[in-house]
Amino acid sequence: MWEAIREELQSVDQQIGDSLASLIGTLPALLVAILVVAVFVLIARLARRLLAGVSRVSRLDPMLRGLFDQLLTAAIVVFGVAVGLGVLGIDARTIIASFGVAGLIVGFALKDLLENFISGILILWRRPFRVLDHIQVGASEGIVEEITFRTTSLRTPDGVLVLVPNAQILTQAVRNYTYLGARRTEIVLSLPPEVDPEKARAALEETARGVPGVRQEPPPETLLLGLASEGYDLHLRYWTAPDQETVQRVESAVRRAAFATLARLREPAKSAAHADGSTDAGQ
């Protein structure tokens, strides 16, 4: 029995010695691999500084710049780890292939999330709108509060927060009311035939110019676009600031002023019509 124990101890000693010899033999390669990874980490830091300088010149969105920083760092470090594994004699292609298969499976599982993520990158890159712009996407309309990689937050005029998926923004028509810095409003006014259209046009345009908030350039204009036996329609157009609060407030003021102006125009017309009727009756 003692002989068996002695043989077993000798076998263990031999295995430990072989392991230490193997470790000592691979120690230079391990140090080289660690040095390679450290060098690639330094390269990643330098690349991030270079990207930061380029993004400041190009005025890249801060969120997009942060994403590019992370992707660039991850790519360089992963490549450095692959080179380090190659120095140790480990085939990195098998590991990369395994990650590729896992990434494909995760991609199918998170298809909608990835679609919104890529759409968010395109929105931040193309900039069809910015924060505080007034936009409309489908049935959703409001002020842009925040643009993330997954959703765009809109604040509606009645104070409701709407989260619109970024993929929906890229697949639907987007109306940006703030882009040109001004917005036109059109009011349709119906008048009886006894009111002179030319006098009504001049009076309405003068009235609109006097309403606070109405821009003088381009000036307000009135178009005769509807005509019938019972009267005609005048389309009063004017320009204001693009935000919805201003548009609605100014429209209310213009409608009140136009109503008062039309009331003054109708009185002489009614008086003239009554006078003509009385004369005809007397004759």
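The values are calculated or read from the model by the stated rules, or taken from the named source; none is laboratory data. Quick caveat, the model's predicted, so the values are computed rather than measured. With ideal geometry, Cβ positions are generated from the backbone for all residues, glycine too; neighbour counts draw on all protein chains shown.
Tabulated data for the structure shown
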| read-out | value |
| --- | --- |
| Residue list for the stretch 184-195, restricted to those being in contact (Cβ under 8 Å) with a residue 60 or more places away in the chain and out of contact with any Leu (no Cβ under 7 Å at 6 or more places or on another chain) | Thr185, Pro192, Glu194 |
| Selected residue (criterion: surrounded by the fewest Cβ atoms within 10 Å (Cβ to Cβ)) from residues of the stretch 143-197 that are in a loop (DSSP other than H, G, I, E, B) and β-branched (Val, Ile, Thr) | Val160 |
| Members of the stretch 233-266 found to be in a helix (DSSP H, G or I) and in contact with a Pro (Cβ under 9 Å, 6 or more places away or on another chain), listed by number | Gln244, Glu245, Gln248, Val250, Ala253, Val254, Arg266 |
| Qualifying residue in the stretch 61-72 (condition: out of contact with any strand residue (DSSP E or B) (no Cβ under 7 Å at 6 or more places or on another chain), polar (S, T, N, Q) and either assigned by TED's automatic domain parsing to the domain that holds Glu245 or modelled with pLDDT of 70 or more (or both)) | yes |
| Subset tally (residues that are in a loop (DSSP other than H, G, I, E, B) and more than 16 Å from Ala258 (Cβ to Cβ)) for the stretch 210-229 | 5 |
| Members of the stretch 205-227 found to be surrounded by 14 or more Cβ atoms within 10 Å (Cβ to Cβ) and either in contact (Cβ under 8 Å) with a residue 40 or more places away in the chain or among the hydrophobic types (A, V, I, L, M, F, W, C) (or both), listed by number | Thr207, Ala208, Val211, Gly213, Val214, Leu224 |
| Those residues of the stretch 118-168 which are of a type in the set (Lys, Arg) and closer than 18 Å to Glu245 by Cα, in sequence order | Arg155 |
| Test: residue in the stretch 123-130 that is outside the structural domain of Thr171 (by TED's automatic domain parsing), at pLDDT 85 or above, buried (at least 16 other Cβ atoms within 10 Å of the Cβ) and in contact with a Leu (Cβ under 8 Å, 6 or more places away or on another chain) | yes |
| Residue satisfying all of: in the stretch 112-142; part of a helix (DSSP H, G or I) and within 8 Å of the chain's Cα centre (by Cα); farthest from Thr171 (Cα to Cα) among these | Leu124 |
| Which numbered condition Leu88 misses (of (1) modelled with pLDDT under 70; (2) over 19 Å from Ile121 (Cβ atoms); (3) loosely packed, with under 12 Cβ neighbours inside 10 Å) | (3) |
| Only one of Gln244, Gln248 that is under 34 Å from the mean Cα position of the chain (by Cα), surrounded by fewer than 14 Cβ atoms within 10 Å (Cβ to Cβ) and among the polar types (S, T, N, Q) | Gln248 |
